[in-house]
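**Student:** The structure's right below; bear with me while I get my questions together.
Derivation of every value follows stated rules applied to the coordinates shown; laboratory data play no part. These figures come from a predicted structure and were not determined experimentally. So basically every Cβ, Gly included, is an ideal-geometry build from the backbone, and we count neighbours across all protein chains shown.
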Amino acid sequence: MTTLRKLTLDWWAVIAAITAAILVRFNVLPHIPW
Amino acid sequence: MSQTIAIPRDMDLPALPRLLALLPGIALLAALGFLGKLTEQSIARYAKAHHLALPNIEYVLWAIVFGLIVSNTIGVPALFQAGVATYEFWLKAGIVLLGVRFLLGDILKLGGVSLALVAVELAVSIALMTALGRWLKLSPKLTSLLAIGSSICGVSAIIAAKGAIEADDEDASYAIAAILALGAFSLFAFPAIGHALGLSDHAFGLWAGLAVDNTAEATAAGALYSDAAAKFAVLAKTARNATIGFVVLGCAVYWARKSHRQAVQNKAAFLWQKFPKFVLGFLLISLLATLGAFTKPQIADLANLSRWAFLLTFAGVASRPTFANYASRACTRSQWAPLGSSPSRGSPWR
């Protein structure tokens, strides 16, 4: 928990984006329209 | 670059309630951004149905306009403020995801060109801002903060440099005000100038990425011009952001020598601490795309996800404290400084 609290905004953005990429890669996230 | 994620002021709350407290503001950003997207589509449909040749005004401008209307009329209620402040998170997540639209070879090629231009831009803007600071008789540390803010990446660079050169809060808040006021101006002026000059998407994107100070405004200015221009603006701005550690380190060493105090001990650790980590995420996603980790539809999905993240960003940029506030703060400082005095010590950004 302490380590998570120490993470900066940049790291959270990277984690969120890479998680999203993994979910898309393995078809967990459905088609994302624009 | 090392700001922590925006969360409500009450740090004693457990993690889940803190995250829940972000939801109203994020919902507001989504609503403003989506309204912008709907407005763009509605105007296009109306023009098509009535055979009118209306200019295509991008959702970016509508999202910004709606955000400005909210923040300058009813204001952003306290309930929404924590969530609205997450716009920088969406910006950085959007940039990382945008990496999927670049092949690593293109990044190295375009990034190399951008870095060469960044070197020129750094030298010119630091020299110009230093000369202006002397002419306006601003304090040397305020001048340094303005030079760093205008040459690299706006607010993040000023915050990073403030601690490194031991500038006071008042100087930092005025430097931030000036940079944001310039950013607000550039956001609307750059696309207009670009269209007037007939710049290509590539040329405009590079120009916006190199000259607009804040990352959010640079991305928005690029997106206002065209989707392709936004891509180049993000790449040029990311190359510029990557130099933040070197410039702040240079300033820290200069000010340490000038004030006879101990310079930065571990320069490598300092550079790593100041390095914008989202650049690494951007490169990683681009590497994965280059290696064929994603299919074409998946690349399109991730690029769309990046657009949604930017949609929240653009609504959030305009929902910050009023642009008029920034401008008046920046002007107040400039008017007082030549008299060798300073305005009120109070600052809402402390």
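**Student:** Residue by residue, what Karplus-based ³J(HN,Hα) values in Hz, rounded to whole numbers, does the range B:28-41 have, using 6.51, -1.76 and 1.60 with θ = phi - 60° and x for Gly and Pro?
**Tutor:** 5, 4, 4, 5, 5, x, 5, 4, x, 5, 5, 5, 4, 5
**Student:** Cut-off under 26 Å on the C-alpha distance; same-chain residues fewer than 8 positions from B:K92 excluded. Which lysines are left, in chain and number order?
**Tutor:** Candidates past the 8-residue exclusion: A:K6, B:K37, B:K109, B:K162, B:K231, B:K237, B:K267, B:K274, B:K277, B:K296.
**Student:** Could you order peptides A:23-32, B:295-304 by the average number of other Cβ atoms within 10 Å of their residues, highest first? Write out the running numbers ahead of the final one.
**Tutor:** Values: A:23-32: 14.1, B:295-304: 17.1.
The densest-packed peptide leads the list: B:295-304, A:23-32.
**Student:** For the ranges B:311-318, B:117-124, B:278-285, what's the packing order if you count other beta-carbon atoms within 10 Å of each residue, average per peptide, and put the highest first? Let's see the in-between values first.
**Tutor:** Details: B:311-318: 28.1, B:117-124: 15.4, B:278-285: 22.6.
Output ranking for B:311-318, B:117-124, B:278-285: B:311-318, B:278-285, B:117-124.
**Student:** Right, next: If a paramagnetic tag sat 7 Å from the Cα of B:V113 along the Cα-Cβ line, which residues of the range B:190-213 would have the backbone N under 16 Å from that point?
**Tutor:** B:199-211
**Student:** Continuing with the same structure: Under the definition of partner shielding as Cβ atoms of other protein chains within 10 Å of a residue Cβ, what is the mean value for peptide B:87-95? All intermediate terms of the calculation are to be shown ahead of the outcome.
**Tutor:** Working: counts 0, 3, 5, 2, 2, 9, 11, 2, 3.
Partner Cβ neighbours, averaged per residue: 4.
**Student:** Right, next: Under a Cβ-only charge scheme (Lys and Arg +1, Asp and Glu -1), can you give me the dipole magnitude of the range B:88-339 about the Cα centre, in debye to the nearest 20?
**Tutor:** Numbers: 21 positive and 13 negative charges, 99 e Å.
Using Cβ point charges on Lys, Arg, Asp and Glu, the range B:88-339 gives about 480 debye.
**Student:** With a cut-off of at most 10 other beta carbons within 10 Å, and DSSP calling the residue loop, which chymotrypsin sites (Phe, Trp or Tyr not before Pro) in the range B:97-177 qualify? Please list them.
**Tutor:** Values: sites: B:F102, B:W135, B:Y174; in loops: B:F102.
When the chymotrypsin sites (Phe, Trp or Tyr not before Pro) of the range B:97-177 are filtered for loop state and at most 10 Cβ neighbours within 10 Å, nothing remains.
**Student:** Across peptide B:300-307, how many C-beta atoms of other chains are within 10 Å of each residue C-beta, on average? If you can, show how the numbers build up before the last one.
**Tutor:** Values: counts 5, 12, 7, 2, 5, 8, 4, 2.
Average per residue, whole number: 6.
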